[in-house]
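Remarks on the structure that follows.
The values are calculated or read from the model by the stated rules, or taken from the named source; none is laboratory data. Only a predicted model underlies this, so the values are computations on that prediction, with no experimental measurement involved. Positions of Cβ are backbone-derived with ideal geometry, glycine not excepted, and every protein chain shown enters the neighbour counts. We work out accessible area using only protein heavy atoms, side chains counted, and drop any ligands, DNA or RNA first. Shrake-Rupley method; radii C 1.70, N 1.55, O 1.52, S 1.80 Å.
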Number of protein chains: 4
Amino acid sequence: MPDGDTPGGTLWDLADAERAAAAVLPAAVRDFVAGGSGRERSRDGNQRAFDRLHVVPRVLRDVSGCSARSTLLGRPVRMPVAVAPVAYQRLLHPEGERATARAARAAGVPFTVATLSSVPVEEVTAVGGTVWFQLYWLRERRRTLDLVRRAEDAGCAALMVTVDVPWMGRRLRDARNGFALPAGVRAAHLGGGASSAHRPSAGSAVAAHTAETFSPAVTWSDLEALRAATRLPLLVKGVLAPEDAARAAGLGADAVVVSNHGGRQLDGAVPAVDALPGVAEAVGASGTPCEVLVDGGVRGGADVLAALALGASGVLVGRPPAWGLAAAGEAGVRRVLDLLADEVRDALGLAGCARVAQARELRTVRVP
Amino acid sequence: MPDGDTPGGTLWDLADAERAAAAVLPAAVRDFVAGGSGRERSRDGNQRAFDRLHVVPRVLRDVSGCSARSTLLGRPVRMPVAVAPVAYQRLLHPEGERATARAARAAGVPFTVATLSSVPVEEVTAVGGTVWFQLYWLRERRRTLDLVRRAEDAGCAALMVTVDVPWMGRRLRDARNGFALPAGVRAAHLGGGASSAHRPSAGSAVAAHTAETFSPAVTWSDLEALRAATRLPLLVKGVLAPEDAARAAGLGADAVVVSNHGGRQLDGAVPAVDALPGVAEAVGASGTPCEVLVDGGVRGGADVLAALALGASGVLVGRPPAWGLAAAGEAGVRRVLDLLADEVRDALGLAGCARVAQARELRTVRVP
Amino acid sequence: MPDGDTPGGTLWDLADAERAAAAVLPAAVRDFVAGGSGRERSRDGNQRAFDRLHVVPRVLRDVSGCSARSTLLGRPVRMPVAVAPVAYQRLLHPEGERATARAARAAGVPFTVATLSSVPVEEVTAVGGTVWFQLYWLRERRRTLDLVRRAEDAGCAALMVTVDVPWMGRRLRDARNGFALPAGVRAAHLGGGASSAHRPSAGSAVAAHTAETFSPAVTWSDLEALRAATRLPLLVKGVLAPEDAARAAGLGADAVVVSNHGGRQLDGAVPAVDALPGVAEAVGASGTPCEVLVDGGVRGGADVLAALALGASGVLVGRPPAWGLAAAGEAGVRRVLDLLADEVRDALGLAGCARVAQARELRTVRVP
Amino acid sequence: MPDGDTPGGTLWDLADAERAAAAVLPAAVRDFVAGGSGRERSRDGNQRAFDRLHVVPRVLRDVSGCSARSTLLGRPVRMPVAVAPVAYQRLLHPEGERATARAARAAGVPFTVATLSSVPVEEVTAVGGTVWFQLYWLRERRRTLDLVRRAEDAGCAALMVTVDVPWMGRRLRDARNGFALPAGVRAAHLGGGASSAHRPSAGSAVAAHTAETFSPAVTWSDLEALRAATRLPLLVKGVLAPEDAARAAGLGADAVVVSNHGGRQLDGAVPAVDALPGVAEAVGASGTPCEVLVDGGVRGGADVLAALALGASGVLVGRPPAWGLAAAGEAGVRRVLDLLADEVRDALGLAGCARVAQARELRTVRVP
C-alpha cells in the first residue's frame, strides 16, 4: 500500500487495500484470507447482499456536527465497528496481531484477538485499547475455561464465543493449495498450530488442526455455563436464526453477531445482512438488552450505514484490516480503519444523520 | 481423475470429477451425459435453483456424533442419496454399471439400474448392495411385465418407474453430434440398442431407439396395474405437479421423485428443486405414507441439505457418479460418493443438525 | 441453411435458421429483420420473458396420439401458429412472400401478407392456403378501404389490423445503416416503397415512407367502422393493455394479438408474453368470443406451450420464417415451420397434453 | 460529434453524444462528469432502474397532433424536461453555461445555472429563455441570500435549492485522478473555485472547495426562511424520502426533484426513479400543489415517458446536455435536446398519448 502522501497512491476505498495486499502476499496466503467454503456462495453472497441494499436518505437536517461515534457493549467507540477475529495474523505481517491491535486502539475501535492468534493475548492487551477475546470451545473443557481466565487476566474487555465452528468448513482454496502454516507462525494459545505436520487427507492443515482441537459438541448449556463462568460481557458470534439469537439474548448474551463466518463455514448459509432484520426483530422482541452486530461483506461506510438501518448496533470487519496489515503493517491497518471511519461519517451525514442512532430510522430498499 | 493420495490432485468437489471426466471422454459422450433438451433452460435451471437456495443454520447443538445416515424406502443408507438411473454406462467405462453398483454398495447407497443399462440387471445385483430397477414402459405390455419380473427375480429392492418419457426430449447436442452407441454398447435388457443403425432423421440414434421401444400411452391405470403387479416398493420418477404426486401417493407409490429428468425432457419444465416444496406439501396433505425424493442439479452436500430442508427424504445423483465412472471406474464413483457423503455430513453439522431428520426444520431463503 | 439430408447440417432449432440467414444476408438487411427500436429493451425482453417462463408438466396421460392440431379463427391449423406479417420479403429472397406463403400452406398454418408486402396479395393468395391480410391504416381512408376490398377480393381469410404503428418506432440499426430498399423491392400495394429516394433526416428510408403513408390518427371509431365494413374475421394486432383488448373484443374483434411489434415500436413496451395473462383475463371477462394470440420472442415449441398455458389460442412467428426464407427460400421456411410443428407436438406431449386444449391447464412459473 | 448532415454521423441516441464527448474530453474531465460516489451503485442503479421500467402502451387513440409540450412550474415548455445544474461547464467548452443556456432556450426548455457555474448568472440570463438558479447553501448566510438576490435580479425564473449536499460525496474517480480545475475555470459566483490550490488530502480539489464553502447545517427552518425570502418559485432538489417531499410541499415548495444527485452523493442511495412513486404519492396526499420532478439516469424519451407514468411532471437531464456541450458546444447541446424532444414525442405517441397528461395514466411494469 503506497504512502498516503503520494498523490495517486492513496487508499481511496477498501478495495484498494485488497489490491495492495494481493500485490505482496503469496497466493496461498491471499487465498487463506479471501476464501470461503464450497462453491463460495455465502462468501460472495455476503457482499452481493450489501451491494443490493440501498437506503432512503433524509435531508435538511443539520449534520455539521455529524459523528460516527457510538458505543459497543457500553463502551465508546469512534465508529460502530470492531475488528473481527482473524486467525494467524503473523501470516500477513511479522508483527501480526500486535500491529492490528495498535492500529485499532489508535482508530478508537475494539480489536478482537482470536483463539487462533499467532500472538499471545497478553502481548495484545499490552498494546492497550479495547481488546475482546474470541473463544473457540476446545475439546477439553478445562482448557477452554483456562482460555477464558487467561483472557480475563490479560485484561480483555469482552468475550466473543464463536458458535458456528463445530469444525472448519470445507475451504477448497486451502485444500487445493495444500495450505499449511509456515514455520514460525503458530497458535499462540494452543501450544501448537496448523503446521505442515498436520497435512490433512481431506482439507488443509489448518482444518485438520481445528478438527483435533475444537469441540463439535458445544450446546446451549455450555453457553449457559460460560455465562455463569465469567463477568465479562459476552458476544455470541455466528448466529443467523432469529430463535437462536433470542435464546442467546435470553441466556444473558450482551450481543449476538449475525454472521456466516465470512462465508467460510456452511456454504449456502444465508448472507449475513439478509439475516440481520429477522435477528434484530427477534432480539428486540425478546425484551432482553442485547446488541446485534453483523459481519461478512462490509466493504465501506455505506454498508455500515445499511447495517445500522437494518437494526445493527455495529459491524465487525475482518478481511479489510487484514489487507491493511499485509500491505503496510500497523500503518496499513490504521489507514483502513481511518478510511472506514471517514466513510461511515460521510454516509451518516449524506443520509441526514448527525448521530448513529438516527441511522436506525432510515428505510432500506433491496435493488435487484 | 488423479489418485487421492497425490496432493493437488485430490477430488475436492464434484466439479473436479466433471473436469476429470471431460478430460478422458470423447466430446460426443461427454455431451450425451451433460446435455439437456432444447435451449437447456431446465438443465441449467436445476443447478441455478440450487445455487440460489440458502439455508438458515442453527447453532449450539451437539453435532459431535453427526451422521448423514438415514433410510430410503425403509432401508438404512449411509446418506440420503441414491444413484440415479443413467443409461449405457459402458459408454463411460468398460465395466459400466457393474463398477458403479460396486461403488454404490461400498458407499452404502442404493444403485438404480436402468432399463437402458448396458449390463444386465442380474450382473448388477450380483454385485450386492441395494439395487433399484428403473422401468420404462415398453410398447409391449408383456415385455414390460417381463422386465418387472426379471428385476424381481434378480433381487432388486425397488422399482422406479419413469413417467416423464413418453418419448425422448430433443437433445440437440446428441442430434448435432449424430450421436450413436459404439459397437459393443447395447441395451442389455432390450435385445437391441441405439446403435448407428438407428440413424435418426430428427434426433440421435438413441432418441430413435427410444421412440421405437417405449410407450407414449402410459396412464394412471397402468401405474395402478403395476402397483398391483409387484410387491416391490415403487418409486414414481419424473413428477413435478403437486396433484400428480398426490395421485401417485394415493395409488400406493412408496416414493415420488421430483425431477425434470436432468433437464433432458421438456425444456422449460420447472427446475426440480423449485417444484419440491409444492410436491412435499401435497404428498404430506394426501395422508398417505410416501417419500419425496428430488433429482437434477445436486452438486454437493449443501444441495442435499437444502433438499432435505424443503421436505425431501433424499436425492438422486446421476451425472456426478457418471463423471467418477468415466474418470476412474469403480474407484472414481466411490470417490465421488465418499466425497458427497463427507459433504452431506459436513453440511448437516455446520447447520446444527446431528441427524438428517433435523434438517427438515431448517428454514430456506432464495437469494437472487 | 444446409440441406436437411446432410447429417450435421440439419436445422435442429430455430437459432440454426437465424445463423443460416445471417450467413447469407447483407448486414443491413439482417439488421432490418433483427433490430428493435431504441435501446432494444422490448426486443430483447420478449425473448428473455419466454426464457424465464417455465411450465409444470403433467404425467401419466396417454400422449400416443398427441397432436398440435388446433384451430385459429375457427379454421383448422396444423399447429396453433400463424406466420406474422413481415414487410418486404423480397429483401430476403427473390420469391419473397410467394415462397413464404407456399411454405405456410404446405405446413398447414396461416400466412399473413403485409400491407408492405413486396408481392401483391393476389399473387400470394394464388398460392392457396389460408392467407390473412395485415392492414395498416393509410392516411387516405379511401385507399385503406380499397386495401380491405382488395384483400377480400383476393380471397384473404381474415383481416389483421395493426394498431401500434401511428408511425414507425426509432429503429436505430436501420438509421445507422442508412437502410433503404434496393431497386426492385417495393411496397406492392402502395405504389411506392421506401426506396433510397426516401432518404430520411431522422431515420431510415423505410421510416420516412411509413410516416408519409400511414395515419397516426386511427381511433376506436375507425376500428368500429372497419368492423362494419367487412365480414372477414378481424384480428387486432399490437394490443398490450387489458382494457384495450377487452374493448376490441367488445367491438367485435375475432382475435387480439398481444404484441409489442417485436420490440420495434415503443422501446420499453412491456414484453408481450408478460402482458398476455392480463389480456387473456380481460378478454375472458368481457364475455365476448375473442381469441388471444401473442407474438414476439417465440423461438421454439416450448414457447408456444408456455403461451398456451398463459391463455393464448396461438402465436405468430415473424423472424423465424424470415430466416428460413433468407437461407433457403420456400424450402427454408418450410423447414422452419416443420421444425416448429415438431417442437410444439414434442412440448405438448412431454407436458402430458395430448391436445392443445389441455395446455391451457398447465401451471407456469417464472424463474429468475 | 459529427455534423447532423453527414449520414452515418448523425446523433441517433443520447449514447452517441456520450461517445462523442468521450472522444474529445480529457479522461479526468470525462470522469468528473461521468463519475458517481463510492462503488457507484447509485449512479449505475439510476440507469438500470430506468432500463427495468416498462410501460403498457395504449392504442387506437389519435396521436396525429401528438405533442410533448407541457408546463413546468406553470410555464410552457417544449417537453417536460429541464436542463439540470451541472457545475463548471467551461471545463467542457470555452463558452460553458452560455452555450448550454442558448441551446436550452432554442429547444424550449429551462436551463438551470448552478451556484458553481463557471459563467456568471447575469451572462446566462442575458441569453434569454427560462433560467433557473440552483442554490447551494453557503456557510455564510448573508452570502447565500446575496446569491438569491443576484439570481432574482438577473431574471431567473425559479430557485432550485439543492438539499443533498451537506458536503460532496466521495467521488473516487476525481480523487484518483487528483482532479482540479484548470486555470481559467472558476466558480463565477463564489470568487474562487476548486483550483489546484485546493489540493485535498482526502478527495479532489473540487471536494475540498465544496467543503470550505457550503454549509452542512442547513435545516427545514432554513428552507422556511428561504421560502419567505423570495417570491420566486422554489424547487427542492435531492429528495428521496416521501416524508421529506411532503414536508417540502407543506412548506411551500413549488416542486421537489427526486434525485440522488446522479449517484454522486450517498453511494447506496435508492435509485431516483425507484423512489419516485412513493414521493409522488406522498406529495399528492399532502394536498398542497407541488410538482414532482426526477433526475438521474434519464437517457431517452422512453425514460421520460416512464417517469411521467410514475407521477412525475417532468425530468431533469444533466449529463446528456453536458456531452453535447463537450462534443460540439451550443450546437451539440441543441442536438441533444432536439433529439430528446423527438424521442419524448415518439414515446408519447407510440404509447397512445397525444398529450403529456395522458402519460400519467399508463401502467408501468418492472421487468427483471
For the protein assembly as shown, give the share of DSSP beta bridges that are antiparallel, in percent and rounded to the nearest 5; count only bridges with both residues there. 25
List the distances, in nm and shortest first, from the label point of D:S64 to the matching label points in every other copy, placing each point 7 Å from Cα along the Cα-to-Cβ direction. 6.3, 6.3, 9.0
Distance between Cα centroids, the range B:7-62 to the range C:67-112: provide it in whole Å. 42
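If R₀ is 56 angstrom, what is the calculated FRET efficiency for the pair A:R75 and D:E281, using the beta carbon separation as r and rounding to 0.05?
Efficiency, rounded to the nearest 0.05: 0.80.
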Taking every other residue with Cβ under 13 Å from the Cβ of A:L362 and scoring Lys and Arg +1, Asp and Glu -1, one gets +2
Filtering chain D for DSSP H helices with an axial alpha carbon extent of at least 30 Å and a Kyte-Doolittle mean of at least -0.5 returns D:319-350
For the range D:5-366, what does the accessible surface come to per residue with a 1.4 Å probe? Please give it in Å². 31
Given points 7 Å out from each Cα along the Cα-Cβ axis, report the C:E224 to B:A228 separation in nanometres with one decimal. 6.4
Mean separation of Cα contacts under 8 Å (6+ apart) over length of chain C, as relative contact order %: 27
What number comes out for the charge environment of C:A104, summing +1 per Lys or Arg and -1 per Asp or Glu over other residues with Cβ under 14 Å away? +3
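What does the structure give for D:345-354 when I average, per residue, the other chain Cβ atoms found within 10 Å of the residue Cβ?
6
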Please state the shape class of the range C:55-157: rounded when a/c is under 1.5, otherwise prolate if a/b exceeds b/c and oblate if not, all from the C-alpha gyration tensor. prolate
What does the structure give for D:263-275 when I average, per residue, the other chain Cβ atoms found within 10 Å of the residue Cβ? 6
Arranged from highest to lowest average of other beta-carbon atoms within 10 Å per residue, in what order do the peptides D:280-292, D:27-39 appear? D:27-39, D:280-292
If you count the DSSP beta bridges with both ends in chain C, what percent of them are antiparallel, to the nearest 5? 25
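Determine the share of the range A:5-366's accessible area contributed by carbon and sulfur atoms, expressed in whole percent, with a 1.4 angstrom probe.
That share works out to 49 percent.
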Chain B residue with Cβ closest to the axis mapping B onto C, distance in whole Å: B:P368, 4
From the square roots a ≥ b ≥ c of the eigenvalues of the alpha-carbon gyration tensor of the protein assembly as shown, which class results: rounded (a/c under 1.5), prolate (a/b over b/c), or oblate? oblate
Chain pair D, C: how much accessible area is buried, both chains summed, with a 1.4 Å probe, in Å² to 100? 3100
Across peptide C:357-363, what mean number of C-beta atoms from other chains lies inside 10 Å of a residue's C-beta? 1
Sorted by chain and number, the residues with a modelled amide H under 5 Å from that of B:W132, at a separation of 5 or more or across chains, are B:F111, B:T112, B:V113, B:A157
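Arrange the peptides C:151-157, C:249-255, C:305-311, B:139-145 so that the one whose residues have, on average, the most other Cβ atoms within 10 Å appears first.
The peptides rank, most packed first, as C:305-311, C:249-255, C:151-157, B:139-145.
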How far apart are the A:A285 label points across copies, placing each 7 Å from Cα toward Cβ, in nm, shortest first? 2.5, 2.5, 3.6
Quick one: which of C:314-323, A:10-19, A:90-99 comes out on top by average Cβ neighbours within 10 Å, and what's the full order, highest first? C:314-323, A:90-99, A:10-19
Just to confirm a number: summing +1 for Lys and Arg and -1 for Asp and Glu over residues other than A:L234 whose beta-carbon lies under 9 angstrom from that of A:L234, what do you get? 0
How far is C:P76 from the same spot in each other copy, in nm, shortest first, if each label point sits 7 Å from Cα toward Cβ? 6.4, 6.4, 9.1
Would you please give the FRET efficiency between B:E212 and A:A15, computed as 1/(1 + (r/R0)^6) with r the Cβ-Cβ distance and R0 = 35 Å, to the nearest 0.05? 0.05
